[in-house]
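First the structure, in the form of structure tokens, and then the observations on it.
Taken together, the values in this text are just the output of simple stated rules run on the coordinates, not laboratory data. All figures in this text were calculated on a predicted structure; none of them were measured in a lab. Cβ: placed from backbone, ideal geometry, glycine included. Neighbour counts: every protein chain shown.
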Amino acid sequence: MPNESALPADEKRDLFRVPVATRVQVNAAQGHWLGYSVDCSLGGLGVCVPVLVEIGTEMEVDIELSGSTSVALRGVVRHRRAIAIGPADEPGSAAAGEDEGCVAGLQFLSVPRAVERRLTEFISHHQRRLMPRVSTPVPFEYRLEGDRRTWEGEVQELSPGDAIFVGQGPHRPGARLQVRVEVGHQDYGFDACVVDSSTAEQSDSDYPAHTVRASFDEHEELTEERFRQAVRDLAIERVRSRRRD
């Protein structure tokens, strides 16, 4: 019996791609790093590394799925996007720095069926954490890891597993955040990681506004369930409000 799924590798990279930050140990000829993913699918992974790797570079990655559980896979860089990792510009993480890294898009070279099952469970779990989604303003603030300053963001979308917000200044993929969000008159605090950042269309500040997507780390089950319920209630209220309008 074949050891791998018959689904073509390119389709598996795109199928069930979920924007999630999880810890990844990367081993390559250029070095060994501990970083964070920006997305994951059955056929590939986007991961932040502190060097500008060449397309075609092969890497071994150890992906943390939950707690102490991980899977080891080998992949090849199919695309890359440069990011600066040097001294941060105000107020987000680096936009132009001394050093340059990248988000490397890996295609897995081989995924045994047992590993594919575990990846499927991991991806399905985090897809569920992205629903329901609600587009409505909520009080939101965050700090960059290692920075005492607190910044306010304008939330565009919120789910139990992530937030898309407009922040001032650049935000480097892989940057760690501490987030506070108020839903249903209750404060919730999460550790989070930037998985995407792009320049927003408008800015009323000295710093260019950026649309940022941050993936929330998982918390203990009770907090996760309470937050999910609060977001669900907010989504229901939003729908009812639109119907009244």
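Miscellaneous remarks
- Between residue 29 and residue 156, the modelled label-to-label distance comes to 3.9 nm, taking each label 7 Å out from Cα in the direction of the beta carbon.
- Between the beta carbons of residue 110 and residue 70, assuming R0 = 22 Å, the FRET efficiency works out to 0.85 to the nearest 0.05.
- Between residue 224 and residue 143, the simple spin-label model (points 7 angstrom out along Cα→Cβ) gives 2.6 nm.
- Gained length - residue 117 relative to residue 199, 0.36 nm times residue gap less alpha-carbon distance: 25.8 nm
- Rough spin-label spacing in nm, given labels placed 7 Å along Cα→Cβ, for residue 191 and residue 54: 3.6
- Gain on full stretching of the segment that runs from residue 131 to residue 79 - 0.36 nm per residue minus C-alpha separation: 15.8 nm
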